[in-house]
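Contents: one structure, followed by commentary.
We did not get these values from a lab; they are worked out from the coordinates using the rules stated. Values in this document were obtained by computation on a predicted structure and should not be read as measured data. Please note: Cβ atoms are built from the backbone with ideal geometry, for glycine as well, and neighbour counts cover all protein chains shown.
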Amino acid sequence: MGIKDLSPKELAQRVLSGDRRAAARVITLVEDQSDNANEMMKELFPHTGRSMIIGLTGSGGSGKSTLIDHLISRFRAMGKTVGVVAVDPSSPFSGGALLGDRIRFQSHSMDDGVYIRSMGSRGYLGGLARATADVVRVMEAMGNEVIIIETLGAGQDEIDIIHVAQTCLLVLTPGMGDDIQAMKAGIMEIADLIVLNKADLDGANLCLRGLEAAVHYGLGEGPGWIPKVMPTVACASKSIDVQGVDDLVKGIMEHQEFLYETRKIDEVRANRIEQELGLVFKDEVEKVVFAGLKGTGKKQGYIESIRAGDNDPYSVVEEVLATFLKVENLE
Amino acid sequence: MNHNEHEDGKVDPYAGLDPVVNMSGLEIEPLYGPDVFEETDFARDMGRPGEYPFVRGVYPTMYRGRPWTIRQLMSLGPPQECNQRIHHLVNMGATGISLCLDMPTIMGRDSDDPMAEGEVGRCGGVAIDTIQDMRDLLAGLDLSKISINFVSNSQSTVILAMFCALGLELGTDWELLSGTMQNDILKEYQAQKSYYFPPEPSVRLILDTIAFCTRNLPKFNPISISGYHLASAGATPIQELAFTLSNGFYYVEKAIEAGLDIDEFAPRLSFFFKAHNDFFENVAKFRAARRIWARTMKEKFGARNPASWRFRVHTQTSGSSLTAQQMENNIIRTTVQALSAVMAGTQSLHTNAHDEALSIPTERSEKLALRTQQILLYESGAASTIDPLAGSYYVEALTQRMEAECEDIFRTIADMGGVVAGIEKGYFQREIAESAFRYQESLERGERVVVGLNRYVEEEETEIQLREVDPDFEKNKIAALKAFKEQRDPEQIRKRAEELRSVCESGENVMPVLIRAVQEGMTLGESVAQMKDVFGVYREQAIF
Amino acid sequence: MSTDPSSSTKTKEQRRVNWDAYLQAYYEKPASTRTWSGYDVKEIYTPLDRTGESYEKDIGDAGEYPFTRGLHRDMFRGRYWTRREVVGIGSPADTHERAAYCFQNGATGLNTIADVTYEMGLDADHPWAQNEVGLTGVNISHIQDMETLVGDIPLDKVSWSLITASTAAAPTMAQYVAVARDKGYDISKLRGSIQNDPIHFRYCGFRPACPLDLSIKLGSDVMEFCTREMPKWYYTTVNMYDLREQGITAPQEIAYGFGIAMCYIDELIRRGLDIDDFAPRFTFYVSCHIDLFEELAKIRAARRMWARLMKEKYGAKNPRSMQFRFAVHTAGCSLIPQQPLNNLVRIAFEALTAVFGGVQSLHCCSYDEPMCLPTEKGHLQALRTQQIIAYETGVTNVADPLGGSYYVESLTDKMEEEALRYMKEVEDLGGMEEAIRTEWLDHRFEQEAVKRQKEVDDLEKLVVGVNVFTSEPEKTTPLGVQRVSKTSAKSQIDAVKKLKMARDPNRWKEAVARLRDDAADGKNTIPAMVEATKAFATTGEMLGAVREVFGYSFDPMNILNSPFA
Amino acid sequence: MSAGKIKVILSKVGLDGHDRGAKVVASVLRSAGMEVVYLGMFQTPESIVKAAIDEDADVIGVSYLSGEHLVFTPLIVQEMKAQGLEDVLFVAGGSFPPEDIPTMKAMGIDEVFRGGSLSEDFVNYIRSRAGEKEA
């Protein structure tokens, strides 16, 4: 019965029927960028695009996992099935990763309505973003109504990933003033909700005001969604000390309503598709090109010629695309 | 115990405490302090390791340079089996080997000697009759690398001859042969009692080996002056210290009288101590010994070569402290004793197997004994710095005290006319017997506690795997010896026998002749018999 | 020849000496010229290393401030250390039996250890307990279990150490007091100790039972109660040992142990107790690892540091407040399952170190600990080890026999210097409570533990049988294996269920209600627990009641509903 | 390089909280290039196996320390069978007597590593065997 012997089609069928093992297997193939991953994604794609997708980003120690743990409970209470993609950094040296998020999600470990998948950021050729985007599609296909993406930090990769989400949460903690400055430019712009977690720490109020100022500073003109800054205390050993989570959920739902009322949701979905299209393109083209160069020794030749100053990257790429893509097109 | 009382200095904090004496009968203070150094001149009395007077160790880098030699004592009757065990031990990390001889060999008799019947290869000793046995015993060993310690005394000249002859056979340069011959006859008269010639000729044979090794086997220790057996017979640590050193000095005197140059032979003299149960007394014993030896060699005998001042010692943990009851307890005893020997700066160490009190050690118990030293060396950190206990108020005080006590005993011995006179008067034998008696008494009175023996005694049935010698071994050995004798040239043997007698009479060095003799196949028994004819045998008047 | 040559040559093949290995061993220098904690050791220490030292100020005689050389003038001349064995296995009845066995064989103190279910504050009938009750210690679910455990042991004669570390220490104390009074003992005369160090226990996997505020609250309740009611009782053993087992170094053991101790002290002072009222009953649990001299130096440094801390920081006046009283537990993590009898050797070194260090009470690991719970034979051997050191080796004749050694004194200074550095680091973080709350300490433990493994992997630390002198793993445990009977667990579980049915519900309700009120009013909870346990409230219920007052779930495992709702 | 990483579920089981060893192993496996999903303490055979399913793990590793190895090993094996994880490698680390190792293997565990193991011991084992089960 070895699940690994199933054909892409059969696997996809099982995923659609909500089979966890099959889904898990497909996700692995996607992660490993195996050849028949695309086959399965083709099967699954038509059955995706309806879930609510929430993205959380923010640097380590900001309490994202704990926050997600609370969100899962709330969505489950609403009777929604939940999928979680938790991305943790891989070691650049060994390529290994320590994925610890499940410790925080323990209270859901036996809930069949929750599907959690930990991912190492690895050193993806095509970029982590593409893998994540595909994993989200798989989770949609298996029928999860809410999908939460957790990513670390604020690199370009993360921004790309977050583009997949409809509602994007940026999680900060007091005493991260500098980070906030840095983020004004980057993620601040795509954040729909800014969560100030650990709001019971000193300096929380100051930080709160700073953030609100920053938000308004970043606002474009015209009617639109005004990012909310929401204080929370998620990491508390006593349930009574947990604060702001209900408001946060409310905020998320408000943003979703906003998206649907203003039909912005279509825009968001379009963005997502555009994003994915770009990622897949980049990825596949790269594959094709390198596949073509493989063994020919040309690649080394190009590098040499550029090093020697007889050539430059731009000309090289033009030349390569001209040859290889044409060949591809003829078929 | 009330704090304030002491403040006004009225109360002696230790009033009411029972006095405590150690194994040597010296009274021990409850606490030692800096005042022990009041008369110490650190440069003069302690110095640095590798420097006169060597209290802190005989080499400048000690175990930082090279660890002590892990020298395991072992033997099995049949030379071939014994050989296998040597290989096994070395492969487990032993860096030296000590070999015991079986009773007949110790008594200078061959396996086919009627007196040897039933004793051949028993009690963990190897039977050496001929050079062939020596070949089997050391087969496959690189004699230029491993150092072999022969626990051999009265018959040392013959064993050494066989060893040298084998070296020639194997083409191993004598210069490279390393090892030790126990070869200490005085302690045999004093305690161990395995002697045959009278003291005079016995000592002369030892001087022959010393002279021979000094010239031909520079890496070989011709003698290991042994306190271990004195202690096993009952000598207290202080007696062990004093008697052993005075024996050492006696050999030095005789060697000088015999016209040897002290700075040539003294560097080859080595010692053999026991590691007692009393941890600190033991450490102090070694440290005192180093200082006394250095000072006497330099100041009394005028040695100029620093190597002559070095008290180099092999140590064995105390077999007599082990109990047949609750065998595993012996692991603990051996561990503590081994630690103290290392803290005392020994050059090589044998750790007893815990089942020794019951049987010849099994491979497993031998291995554990070996591991004990390895854990000590690699894990405990005890070897990380040199003479780690130096400066300890207690250790230094005890060292000073033992040194002083030792000088008293030297005086007593001198007053009765020296070591040999002392032996003939039965002084050593009596002293040791008394100590043994006092110790036994203290056990029976429960003043001294031995766990499992006179305290915390248990009912127990010990099922231990005894290692027994192949019952046919003796038969086969005799047959082999017979075969060996048959293929010799009797004429040659007769010639060599005469040669041997004549050098014994003339006083020339016996070694060259003996080597030729054993090469021709003369047996140990035959050689000793020749010497007995010339030297006669010693009978001790019973001591009560 | 006397034996068949063919056979002997065959064996020769098997046993040809590897001469390179031989030479390597022959010339090999000590594994490391660093201490276990990684500090460089000079080749030689001399009087020059001790210049500028003041004997009175820095060392002092045994029994004198700063107690570097020992707490008492006469040390072991006055009395040997207490030779303890830790027992706790199966049901309270089984444990009582094993305790009796140890006393028969010369143990002079008794340590009874709680199992994981009890430490977690679960009754034997808790779903999570089913599989594990009695597996690693004993579970005391209610007063009757305590009665069985005590049995005929004369509480006024033996020195009993209750090893319950977590917040469950509070119910334990209550159960012990209730039973003792019941048997007619005057508790103010009872000698013994309770581990009662909930803060450290979060690092041993009992976080759900040991939230920080509750740990300080209940831990301090026990300390306060004993200070007032049981003047002869040692009400806490701050467990530096467990911290060390996490893989930290010797000076870190001191620094973090002291840090936790200060959390309690500050709370007791906050409650208005005078330092000299309670400090004399403060005790510690110290590790003795395999590096003899470093461990000895650690102990001596800790004694000196504690004396100075109590005098200078807390203004203690009574010398007894300044005395660092400690028990030693030989290092479990220094033992390995390979060639298990070698552990006897390690334990002997570690025990000897503790005695050199002037230990008050010593527990030797059983050699089989890396394989199973101690067997009777294992216990016995551990005990014999202590007895041999006490009676045969003569090391007890002199207080602080290594005192003055250039190496030991220098290393003692080094330990103090490093420990102070680590204490400063914690202070700069805002104190120990903060370091714990922010999980800074967790991260420190993690880093250190990984370092330790790496040292062994990289042969920086040699362990015989692991990375040097390895040999075929043994197929059996030399002195046998300890098993736990499932039946006694079963019967204990049934007993709890029965008890919960049989007890008088009203009396129970009132008793628990009072406990809740006292907890809510910030009163000391022990008196109310004594009453509650007499009303047959169980361990889980008593803790649950207080947990709820503090806003925690009744059940630390979050599956049982509160019976008080 | 991203393809084919060995994924390991590492967990404690039951109430025993001695997680130091498990954490050290986790970081060792990480440095060996594996993806380690650490579940932490208080897991049940069910929760461990469920995590292994969702994460499509190649290996389940549990750490025992308090003599619970004979209790939980069969339960975990049972649950793995029930969920069809025959192709997942099951290893345990911790302290148990040599006598029990055959027993545990008979119960269906693939390999055990006792205290005093070197990293390379279990890293190499998992590399080879997990690879096998992959194929």
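Of note:
- Chain A - mean residue ellipticity at 222 nm from DSSP helices (-39,500 (n - 2.57) per run, n ≥ 4, rounded to 500): -16000 deg cm²/dmol
- Share of Cα-Cα pairs in the stretch A:77-126 lying beyond 18 Å, as whole percent: 41 percent
- For the pair D:GLU99 and B:ILE493, label points projected 7 Å from Cα toward Cβ lie 5.9 nm apart.
- Close amide H contacts of C:PHE284 (hydrogens built in the peptide plane, cut-off under 5 Å, sequence separation of 5 or more or a different chain): C:VAL238, C:ARG325, C:PHE326, C:ALA327.
- Taking 25 Å as the straight-line reach from the Cα of D:LYS50, the lysines in range (excluding those fewer than 8 positions away in the same chain) are A:LYS4, A:LYS9, A:LYS64, A:LYS80, D:LYS5, D:LYS7, D:LYS12, D:LYS23, D:LYS81, D:LYS105, D:LYS133.
- When the alpha carbon gyration tensor of the stretch A:280-330 is reduced to an equivalent ellipsoid, the three semi-axes, largest first, read 20, 11, 10 Å.
- Pairwise FRET efficiency - C:GLU312 versus C:ARG228, Cβ, R0 = 25 Å, nearest 0.05: 0.40
- Applying 0.36 nm per residue to the separation of A:MET253 and A:PHE93 and subtracting their alpha-carbon distance, the gain on full extension is 53.5 nm.
- Taking amide H as placed 1.01 Å from N in the peptide plane, D:VAL37 has its amide H under 5 Å from the amide H of A:LEU99, D:VAL8, D:ILE9, D:LEU10, each at least 5 places away in sequence or on another chain.
- Couplings 3J(HN,Hα) of the stretch C:252-266, computed from phi: 5, 4, 5, 4, 6, x, 4, x, 5, 4, 5, 4, 5, 4, 4 Hz, in residue order, whole Hz [Karplus 6.51 cos²θ - 1.76 cosθ + 1.60, θ = phi - 60°; x for Gly and Pro].
- Look at where the Cα atoms of the stretch A:48-109 and of the stretch C:44-96 average out, and the two centres are 52 Å apart.
- Seen against the Cα atoms of chain B and their longest principal axis, helix B:393-415 is set at about 50 degrees.
- Between the listed residues A:GLY301, A:GLY61, A:SER109, the Cα displaced farthest toward the positive end of the dipole of chain A, a dipole computed from Cβ unit charges relative to the Cα centre, is found at A:SER109.
- Taking every residue in B:480-490 and counting other chain Cβ atoms within 10 Å of its Cβ, the average works out to 1.
- Pair-distance distribution P(r) for the stretch C:76-457, from all Cα-Cα distances in 10 Å bins starting at 0: 5, 24, 36, 27, 8, 0 percent.
- If you model chain B as an ellipsoid using its alpha carbon gyration tensor, with each semi-axis the square root of five times an eigenvalue, the axes come out at 40, 27, 22 Å, biggest first.
- Helix B:79-91 and the long axis of chain B differ in direction by around 40°, with both axes built from C-alpha atoms.
- Cα gyration tensor shape for the stretch B:327-434, rounded if a/c is under 1.5, else prolate or oblate: oblate
- Those aspartates and glutamates that a straight Cα-Cα span of less than 16 Å connects to C:LYS298, excepting residues fewer than 8 apart in one chain: C:ASP40, C:ASP58, C:ASP242, C:GLU245, C:GLU253, C:GLU350, C:ASP400, C:GLU409, C:ASP413, C:GLU416, C:GLU417, C:GLU418
- Fraction of the pair-distance distribution of the stretch C:481-543 above 18 Å, Cα-Cα pairs, percent: 45 percent
- Charged-residue dipole, Cβ positions (Lys, Arg, Asp, Glu), chain B about Cα centre, Debye nearest 20: 1440 debye
- Cross-link reach list, lysines versus C:LYS497, counting only Cα pairs under 20 Å and skipping chain neighbours closer than eight places: C:LYS486, C:LYS509, C:LYS534
- Helix C:539-549 vs. chain C, principal-axis angle (Cα, 0 to 90°, nearest 10): 70 degrees
- Each label point was placed 7 Å from the Cα along the Cα-to-Cβ direction; for A:GLU286 and B:GLU264 their separation is 8.4 nm.
- Given +1 at the Cβ of Lys and Arg, -1 at the Cβ of Asp and Glu and no other charges, the dipole of the stretch A:70-132 around its Cα centre is 140 debye to the nearest 20.
- Tail fraction, Cα-Cα pairs, the stretch A:49-262, threshold 25 Å, whole percent: 35 percent
- Residue order for B:ARG287, C:ARG547, fewest other beta carbons within 10 angstrom first, comes to C:ARG547, B:ARG287.
- Antiparallel DSSP beta bridges within the protein assembly as shown, as percent of all bridges there, nearest 5: 5 percent
- Residues C:LYS486, C:LYS311 arranged by fewest to most Cβ contacts within 10 Å: C:LYS486, C:LYS311
- Lysine pair count for the stretch A:280-330 with Cα-Cα distance under 17 Å and sequence separation of 8 or more or different chains is 4.
- When the C-alpha to C-alpha distance is required to be over 30 Å, the pairs from C:LYS189/C:LYS500; A:LYS198/C:LYS311; A:LYS198/A:LYS250 that qualify are C:LYS189/C:LYS500; A:LYS198/C:LYS311.
- Among A:VAL164, A:VAL285, A:VAL114: highest mean-square fluctuation, GNM of chain A, C-alpha pairs under 10 Å: A:VAL285
- Kirkwood hydrodynamic radius of the protein assembly as shown, from inverse mean 1/r over distinct Cα pairs, in Å: 37.2 Å
- Considering only B:TYR63, B:CYS82, B:VAL151, the residue lying farthest towards the positive end of the dipole of the stretch B:15-155 is B:TYR63, judged by Cα position with unit charges set on Cβ.
- Sequentially through the stretch B:254-269, phi angles give Karplus couplings (6.51, -1.76, 1.60; θ = phi - 60°) of 4, 4, 5, 4, 6, x, 7, 7, 3, 6, 8, 8, 3, x, 8, 6 Hz, Gly and Pro residues having no value and appearing as x.
- Spacing of the modelled spin labels on A:ASP5 and B:GLU508, each 7 Å from Cα toward Cβ, amounts to 9.3 nm.
- Across the stretch C:453-478, the residues whose backbone nitrogen lies under 20 Å from the label position 7 Å along the beta-carbon direction of B:THR362 are C:471-478.
- The simple Förster model, with R0 at 41 Å and r as the Cβ-Cβ distance, assigns C:ASP58 and C:ASP428 a FRET efficiency of 0.95.
- Residues A:PHE290, C:PHE206, D:PHE122, sorted so that the one with the fewest Cβ neighbours within 10 Å comes first: A:PHE290, D:PHE122, C:PHE206
- One Cα centroid belongs to the stretch C:97-175, the other to the stretch C:525-556; the line between them spans 18 Å.
- Summarising the amide proton neighbourhood of C:VAL87: residues at separation of 5 or more, or on other chains, whose placed amide H is nearer than 5 Å comprise C:ASN111, C:THR112, C:ILE113.
- Average partner coverage of C:99-106, which counts Cβ from other chains inside 10 Å: 1
- Assigned charges on the beta-carbon of Lys, Arg, Asp, Glu; the stretch A:1-47 dipole about Cα centre (debye): 200 debye
- Of the residues D:ILE101, B:THR214, B:SER380, the one whose Cα sits farthest toward the positive end of the charge dipole of the protein assembly as shown, with +1 on the Cβ of Lys and Arg and -1 on the Cβ of Asp and Glu, is B:THR214.
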